[in-house]
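Below: the structure, in structure tokens.
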Amino acid sequence: MNNEVLINTAKLARVDIIENQEKFLKELESILDYVEVVNNANGNLDKDVNISENQNVFKEDVVESSLSSKDVLKNAPKAKDDYIEIEGIF
Amino acid sequence: MTINDFEKKYNKENINEYLAQVEEQDKKINSFLYLKNDLSKETGIPIAIKDMISTKGVVSTAGSKILENYIPPYNATVINKLENNGYFVIGKTNMDEFAMGSSTENSAYFTTKNPKDLTLVPGGSSGGSAAAVSAGFVPISLGTDTGGSIRQPASFCGVVGFCPSYGAVSRYGVIAMASSFDQVGVFANNVKDTKAVFDVIRGKDEKDATSLDLPSEKVSGSNIKIGIPENILEGVSEQVKVAFENTVTSLKKDKIEFVVVPNTNLQQALAVYYILVPSEVSSNLARYDGVKYGKREESNDLIKLYTKTRTKYLGSEPKRRSIIGTYTLSAGYSDKYYKKANILRQQVKDYYSKIFESVDLIMTPTTPTTAFKLGAMLTPIEMYLADIFTIPTKLAGLPAISIPANTDDKLPVGIQFIAGHKKDLQLLQISEKIEKCLQTY
């Protein structure tokens, strides 16, 4: 980790850390130093770790009532009619 | 206050007096982010809910400013189950922002105090739920446990805290932090009440594909064998050491057999956790972009709108973990961090499977120390170390419970008992026996 990587990664994570850049760099370096021990891992993983051990979970494909868009849009920062309002993206 | 105590003491006539008392006394503790203002229409047992769990029509912030005015349009499955089985939600409890922390000081709202000593932290991240039970405000509360967020505050506040097997309780409607670790669990004053609530909330839910029904095998009443990982007391505080050793002595008198089992590499387990959890956090918290719900900082450029919103309304720890997770999942580094961590996660899972071939439970301290001072200003790594005994079980999705030890000292010490995957019912059954033998309840 260095300043350039930090700025780039923060940009991807959509957070601006300019004001606390020094502090973040120091903290992240110490965390990454700490987790470095995983590089001692030997062996391979042929499939993803499955913690619940559930396999092939299916359910009947039946139509159920869903939340009304009116209720859901109450939480939108800005909404108009049945839509969430946002700046144009084109 | 147990469920039984509540039922004896309160009824329809005096329920609002009870509420007024809780409201008054919580001014000292600050366990609730939100408390209902009228209980006259409620029936049943009051339960406090960690603000990580969605409650229909009641603001659910996850301890974050970004969700300050978020009112879920639906209930989490656990809330529906409780309300259909004689419980009612009395309020929402304080927590570390998005459950990231071990002291509840990362809450974006205020700090909760430890009812046993107001100068100490209650632990975290479910600190409000632990404090509410410890202070006698409610007989039971729900928390969530990703790396120890139920067991650690239970230990600090002197109550029972139970984290079920991964999948035993539906996560539908639980605000996500790290989805392959998050699990809803229970705080109570005794194992009996813990089990009563767990029996209501557990079970397969179509809305959570990782949820499952537990097999209901009984353990034989006698011949309980508990494994203690070798050198487990290395580096723990004197008080925890004494409480642990006294617990072993008491349980031996009750003909419980102890054997030493190999320890897992704790430092390595912590490292695995602090790669995998931020990785999942960076993905789960990407949804807070200011578009669909939660707070928004306006900008005429969409990327800037996302960035300004997240910069202003997310706290330091969520930002730190989002950046770390973005880094550990990025091209070039995911082989080095994420994949290696998963190899080790599988090895920890295999380690536990092997141990549980020969013992019923594993016993460890819940935390290396008793509750620390408010405002101790720990570094992130120091804060992470508070969870060193609770994190390994989460890598394997195992059920574990913290039970208060019998201690002469004023400050509580929790002892952790861990069982094999899906052995939750056996764990609770043996825990009742342990509690009786320790006479802590």
Practice item. Find the relative contact order for chain B and round it to a whole percent, using C-alpha pairs within less than 8 Å whose residues are 6+ positions apart. Key: 18 percent
Review point. What residue among B:LYS252, B:LYS41, B:LYS308 shows peak mean-square fluctuation when chain B is described by a Gaussian network model with Cα springs under 10 Å?
Key: B:LYS41
Study note, to complete from the structure: Length gained if B:ASN406 through B:LYS28 is fully extended, taking 0.36 nm per residue and subtracting the Cα-Cα distance, is 133.4 nm
**Study point:** Distance histogram for chain B (every C-alpha pair counted, 20 angstrom bins, percent rounded to whole numbers)
**Key:** 27, 60, 13, 0
Check your understanding: How large is the helix-only mean residue ellipticity at 222 nm for chain B, computed as the sum of -39500 (n - 2.57) over DSSP H runs with n ≥ 4, divided by its residue count, in deg cm²/dmol to the nearest 500?
Key -> -11000 deg cm²/dmol
**Study point:** Inter-chain shielding of A:42-49 (mean C-beta neighbours from other protein chains, 10 Å cut-off)
**Key:** 5
Point to revise | Selected from B:THR379, B:THR264, B:THR311 as most flexible by GNM, with chain B as the system and alpha-carbon contacts under 10 Å | key: B:THR379
Review point. Considering only DSSP states other than H, G, I, E and B, which trypsin sites (Lys or Arg not before Pro) in region A:3-70 qualify as loop sites with at most 12 other Cβ atoms within 10 Å?
Key: A:LYS47, A:LYS59
Point to revise | With DNA, RNA and ligands ignored, accessible area of B:TYR333 (1.4 Å probe; Å², nearest 10) | key: 70 Å²
Practice item. Rank B:GLY167, B:MET100, B:ASN85 by how far each Cα sits towards the positive end of the charge dipole of region B:83-207 (+1 on Lys, Arg Cβ; -1 on Asp, Glu Cβ) and give me just the farthest. Key: B:ASN85
**Study point:** Helix axis angle, A:21-35 relative to chain A longest principal axis, alpha carbon, degrees
**Key:** 80 degrees
Study note, to complete from the structure: Expected integer from the mean partner chain Cβ neighbour count at 10 Å over B:321-331 is 5
Review point. Among the listed pairs B:LYS255/B:LYS433; A:LYS11/B:LYS292; B:LYS252/B:LYS423, which are separated by more than 18 Å between their Cα atoms?
Key: A:LYS11/B:LYS292; B:LYS252/B:LYS423
**Study point:** Share of pairwise Cα separations in region A:20-90, more than 17 Å, in percent
**Key:** 77 percent
**Study point:** Long-range tail of P(r) for the protein assembly as shown (Cα pairs > 39 Å, %)
**Key:** 22 percent
Check your understanding: If R0 is 51 Å, what FRET efficiency do you get for B:LYS354 and A:ASN20 from their C-beta distance, rounded to 0.05?
Key -> 0.70
Point to revise | Gaussian network model of chain B, springs between alpha carbon atoms under 10 Å - residue of B:ARG287, B:ARG321, B:ARG310 with greatest fluctuation | key: B:ARG287
Check your understanding: To the nearest Å, what is the center-to-center distance of region B:151-168 and region B:386-428, using C-alpha atoms only?
Key -> 7 Å
Point to revise | Two-site label geometry, B:LYS218 and B:SER299: point separation in nm, points 7 Å out along Cα→Cβ | key: 6.4 nm
Check your understanding: Among A:ASN44, A:ASN54, A:ILE18, which residue has its Cα positioned farthest towards the positive end of the charge dipole of chain A, with +1 placed on the Cβ of Lys and Arg, -1 on the Cβ of Asp and Glu, and the dipole taken about the Cα centre?
Key -> A:ILE18
Practice item. Could you work out the relative contact order of chain A, using alpha carbon pairs under 8 angstrom and six or more residues apart, expressed as a whole percent? Key: 14 percent
Check your understanding: Is it possible to state the helix-based mean residue ellipticity at 222 nm for chain A, with each DSSP H run of 4+ residues giving -39500 (n - 2.57), the sum divided by total residues, to the nearest 500 deg cm²/dmol? What is it?
Key -> -10000 deg cm²/dmol
**Study point:** For region B:20-64, size of Cβ-based charge dipole, Lys and Arg +1, Asp and Glu -1, in debye
**Key:** 120 debye
Practice item. Quick one: of A:LYS80/B:LYS312; A:LYS80/B:LYS27; B:LYS113/B:LYS241; B:LYS116/B:LYS436; A:LYS70/B:LYS394; B:LYS218/B:LYS349, which pairs are farther than 29 Å apart, Cα to Cα? Key: A:LYS80/B:LYS27; A:LYS70/B:LYS394
Review point. If B:GLU234, B:GLU206 are ordered by their accessible area, calculated over protein heavy atoms with a 1.4 Å probe, which sequence runs from highest to lowest?
Key: B:GLU234, B:GLU206
Exercise for review: Using the structure shown, select from B:LYS225/B:LYS422; B:LYS8/B:LYS36; B:LYS308/B:LYS373; B:LYS295/B:LYS319; B:LYS207/B:LYS319; B:LYS8/B:LYS373 the pairs with a Cα to Cα distance greater than 26 angstrom.
Suggested key: B:LYS308/B:LYS373; B:LYS207/B:LYS319; B:LYS8/B:LYS373
Practice item. With everything on Cα atoms, drop me the angle between helix A:3-12 and the longest principal axis of chain A, reported from 0 to 90° to the nearest 10. Key: 10 degrees
Study note, to complete from the structure: When B and A pair up, the total accessible heavy-atom area removed from solvent (1.4 Å probe), in Å² to nearest 100, is 4900 Å²
Study note, to complete from the structure: If amide H atoms are modeled at 1.01 Å from N in the peptide plane, then the residues at a separation of 5 or more from B:PHE88, or on another chain, having amide H under 5 Å from its own are B:ILE45, B:ILE47
Practice item. Work out how much length B:GLU245 to B:SER283 would gain on full extension: take 0.36 nm times their residue separation and subtract the Cα-Cα distance, in nm to one decimal. Key: 9.4 nm
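The values are calculated or read from the model by the stated rules, or taken from the named source; none is laboratory data. Remember, predicted model here, so these are calculated numbers, not experimental data. Positions of Cβ are generated from backbone atoms using ideal geometry, with glycine treated the same way; all protein chains shown enter the neighbour counts. Heads up: the accessible areas ignore ligands, DNA and RNA and are worked out on the full protein's heavy atoms, side chains in. Shrake-Rupley method; radii C 1.70, N 1.55, O 1.52, S 1.80 Å.
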